[in-house]
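The values are calculated or read from the model by the stated rules, or taken from the named source; none is laboratory data. What you are looking at is a predicted structure, and each value in this text was computed from that prediction instead of being measured. Cβ coordinates were reconstructed from backbone atoms using ideal geometry, including for glycine residues, and neighbour counts include every protein chain displayed. Areas reflect the complete protein model, heavy atoms only, side chains present, ligands, DNA and RNA absent. Shrake-Rupley method; radii C 1.70, N 1.55, O 1.52, S 1.80 Å.
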Amino acid sequence: MSINTFGHLFRVTTWGESHGPALGATVDGCPPGVPITEDMIQHWMDKRKPGQNKYTTQRREADAVKILSGTFEGVTTGTPVQLMIENTDQRSKDYGDIKDKFRPGHADITYFQKYGIRDYRGGGRSSARETAARVAAGGLAREAIKAIAPDVRITGYMVQMGPHRIDRDAFDWDQIEQNPFWVPDARAADDWAGYLDGLRKSGSSVGAIIEVTARGVPAGLGAPVYGKLDTDLAAAMMSINAVKGVEIGEGMSVAMLTGELNADEIFMGNDGQPKFSSNHAGGILGGISTGQDIVVRFAVKPTSSILTTRKTITKSGEETEIITKGRHDPCVGIRAVPVGEAMMACVILDHLLLHRGQVGENQGVIGRP
C-alpha cells in the first residue's frame, strides 16, 4: 500500500491502523519558523475525537497528539514534522464474529480482493480512525497559514443530515460551535437531535452533507489545467473515508442554471478591488482562486457497521448474514466536519506555497494604468 501521501510542497503522509498501537502523520515541507505546540494542534484534535456525546462512537480516545520531530524551541525547523496519536481504547474482540465475513457497504471486501489480507479489527487503514492523523496535520497547516495569509479563516459545518437540510435564511456562523452537529441553524440542530437519537437507539445510521468555507483566501492560488485549486480540493475531500460526492460552489446544481444566472457579475469595489454579485463559482475560476469565499461540499455515506441483519458472504464464498457489533458513529458526518476543515487547510497552504514559489506576488493588478 504505497500511496499514503498527498500534497505538492506541503506533503502529508499518514500511517497507522485503527487498532494498532498508534497512528499519525509525517509532514514534510512546512516552512521554518512557524510557532507550533502540541496544545495548538490539540485544539483541533478535540473537535474530532470520539466519545464526546451520545451522537458519536463511544470509543474513548484522548487523541493526544505528540510532536516527535521538526521543531525546536517552539517553532518549526523546516525539517519533517512527525505527529503521533496513540490508540488507547481498542476493543478488537468486538470484531471477532465478523473476521471471516464482509460487511456490506464497507471496504472489507475490496481490501481483501486487492491485498489478500484483511485487518478485521475495525477496518485497519480503511477505518475513519485514520482521519485523526489528517486533523493533526491540518492543525499544523493552520498555524503556517497564519504566518503567510493571516486573513484566511476555514470553517466547516453540516448542512444536511439524511433528508433534513438547514434553512439557509437562518444561517448563523455563531451557532456552529453551539451544538453537537456543527450546524449553523439552531432550529435544525434541535430537530436533528431527536431524529439521530432515534436512529442511534435502533442501531442504524445515516449520511450527511458537510460544507467547508475558506474566507479571506487571496486571489491567484491554483494553476490552469492540471494544477487547479479545485482539482486538489476535490481529491482531498474525496479521499476522506466514507465520502461519495464532492461539489464546489453551485456544484451539480449548476446544470439547472442559465448562463445569465450562473455568471457572477464583476464590479469595482470602493477599496479598488474587484467584487462579485454572487458566488456560483465557489471562489474558483479556471482552477484559480478569485478572492471570494471558497466553498466546498462533500457527502458522506451512512456508517456501514450497523446492528441490522444484512446478507453477505464469507472469505470462502459461503452466503451468510451479518450484524456488526462494536462502537460506531450513527452519523459519521459529525466528526467529518473537522476532517474537512483539515483537508481544506492542507490544500490551501500547499497552494499558498506553490504560488509563492512560482510568482511571488500576483502579477496582474486590476486598476493599474
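Anyone know which of 126, 277, 289 comes out most mobile in the 10 Å Cα GNM of the chain?
Result: 277 has the largest fluctuation of those listed.
Starting from the residue with the highest accessible area, list 253, 205 in decreasing order, probe 1.4 Å.
The ordering from most to least exposed comes out as 253, 205.
Quick one: if you stick a label point 7 Å off each Cα along the C-beta vector at residue 277 and residue 115, how many nm between them?
Between residue 277 and residue 115, the simple spin-label model gives 5.3 nm.
Just to make sure I understand: if all protein chains stay in place, what is the order of 361, 143 by accessible area at 1.4 Å, largest first?
361, 143
At each listed q (0.17 Å⁻¹), what is the log10 of I(q)/I(0) that the Debye formula gives for the stretch 94-165 modelled as equal alpha-carbon point scatterers?
-0.82
What are the ³J(HN,Hα) couplings of the stretch 173-183, residue after residue, when phi is run through the Karplus curve with 6.51, -1.76, 1.60 and θ = phi - 60°? Round to Hz, x for glycine and proline.
Values per residue, Gly and Pro as x: 4, 6, 7, 4, 9, 9, 8, x, 9, 6, 10 Hz.
Taking all protein chains in place and a 1.4 Å probe, what share, in percent, of the accessible surface of the chain do carbon and sulfur account for?
Here it works out to 52 percent.
Percent of Cα-Cα pairs per 5 Å bin, from 0 to the last occupied bin, for the stretch 212-289, please list those.
Bin by bin from 0 Å, the calculated values are 3, 13, 21, 24, 21, 12, 4, 2, 1.
Take the Cβ-Cβ distance between residue 267 and residue 195 as r, set R0 to 41 Å, and report the resulting FRET efficiency rounded to the nearest 0.05. Before the final figure, lay out the partial values.
Values: r = 42 Å, r/R0 = 1.03.
The pair residue 267/residue 195 has a calculated efficiency of 0.45.
Calculate the all-directions average of the projected area of the stretch 141-283's alpha-carbon convex hull, and give it in nm². Display every interim value, and only then the final one.
On the way: hull surface 46.0 nm².
If you wrap the Cα atoms of the stretch 141-283 in a convex hull and average its projections, you get 11.5 nm².
Taking 30 Å as R0, compute the FRET efficiency from the Cβ-Cβ separation of residue 313 and residue 255 and round it to 0.05.
Once rounded, the FRET efficiency stands at 0.20.
Which GluC sites (Glu not before Pro) from the stretch 240-320 combine a DSSP loop assignment with at most 15 other Cβ atoms within 10 Å?
Sites meeting the loop and neighbour criteria: 265, 318.
GNM, the chain, Cα, under 10 Å: largest mean-square fluctuation among 67, 117, 98?
Top of the fluctuation ranking is 117.
Which listed residue (176, 150, 136) has the Cα farthest towards the positive end of the charge dipole for the stretch 104-197, taking +1 on Lys and Arg C-beta and -1 on Asp and Glu C-beta about the Cα centre?
Value: 136.
³J(HN,Hα) across the stretch 205-211 via Karplus (A = 6.51, B = -1.76, C = 1.60, θ = phi - 60°), whole Hz, x for Gly/Pro?
8, 8, x, 7, 10, 10, 10
How much accessible area does residue 173 have with a 1.4 Å probe, in Å² rounded to the nearest 10?
Approximately 90 Å² for this residue.
Of the listed pairs 146/201; 47/228; 47/311; 66/101, which have alpha-carbon separations greater than 32 Å here?
With Cα atoms farther than 32 Å apart: 146/201; 47/311; 66/101.
Search the structure for amide H atoms under 5 Å from the amide H of residue 75, placed 1.01 Å from N in the peptide plane, and list their residues when 5 or more places away or on another chain.
Distant-sequence amide H within range of residue 75: 36.
For a quick check, take a GNM of the chain with Cα springs below 10 Å and name the residue from 172, 271, 46 with the largest mean-square fluctuation.
Result: 271 has the largest fluctuation of those listed.
In square angstrom, what is the accessible area per residue of the stretch 174-237 with a 1.4 angstrom probe?
Counting only protein heavy atoms, the per-residue value for the stretch 174-237 is 42 Å².
Okay, helix-only estimate at 222 nm for the chain: each DSSP H run of n ≥ 4 adds -39500 (n - 2.57), divide by all residues, round to 500 deg cm²/dmol; what do you get?
-8000 deg cm²/dmol
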